[in-house]
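Report on the following structure.
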Amino acid sequence: MNVLSTQRVNCAALLHMRKAGRGLLIWNASSSVAGGTPPDLSPYFAAKAGMDALAVTLARELALWGIETSILVPGAFTQGRNPLRPCRAARGRDVRGRL
């Protein structure tokens, strides 16, 4: 979902940028895949790696249309949310949530 939804938003914006013959597409990428994956976060990091690859390859393609790209890579957040916390809570339960 991360990769597909990002690409859908990009497509909507790129229609206008291509007509104008210019524009700037800003990516919020992730450096987290470079440092390995903590437990239970592999699906999240796989999606982020897909977004990183899409950003790099699309940048080459968009240069042909006169559209610039910037890839922002923030540092890692060492505390805070865990997007897969429900997966940990579901261990030992069947697909309907029963013990």
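The values are calculated or read from the model by the stated rules, or taken from the named source; none is laboratory data. In this text, all values refer to a predicted model and were calculated from it rather than measured experimentally. Here the Cβ positions follow ideal geometry from the backbone for every residue, glycine too, while neighbour counts run over all protein chains shown.
Taking each residue of region 39-60 that is at positive phi and looking for partners that are in a helix (DSSP H, G or I) with beta-carbon atoms closer than 6 Å, six or more apart or interchain, yields D40/C87; D40/R88. Per the listing A55, A76, the residue uniquely surrounded by 11 or more Cβ atoms within 10 Å (Cβ to Cβ) and either modelled with pLDDT under 90 or not acidic (D, E) (or both) is A55. Among the residues examined, V33 qualifies as in contact with a Phe, Trp or Tyr (Cβ under 6 Å, 6 or more places away or on another chain) and modelled with pLDDT under 90.
Among residues of region 6-23 that are part of a loop (DSSP other than H, G, I, E, B), those with a Cβ under 9 angstrom from a residue that is surrounded by 10 or more Cβ atoms within 10 Å (Cβ to Cβ), sequence gap 6+ or separate chain, pair up as G21/W65; G21/G66; G21/I67; R22/W65; R22/G66; R22/I67; R22/E68.
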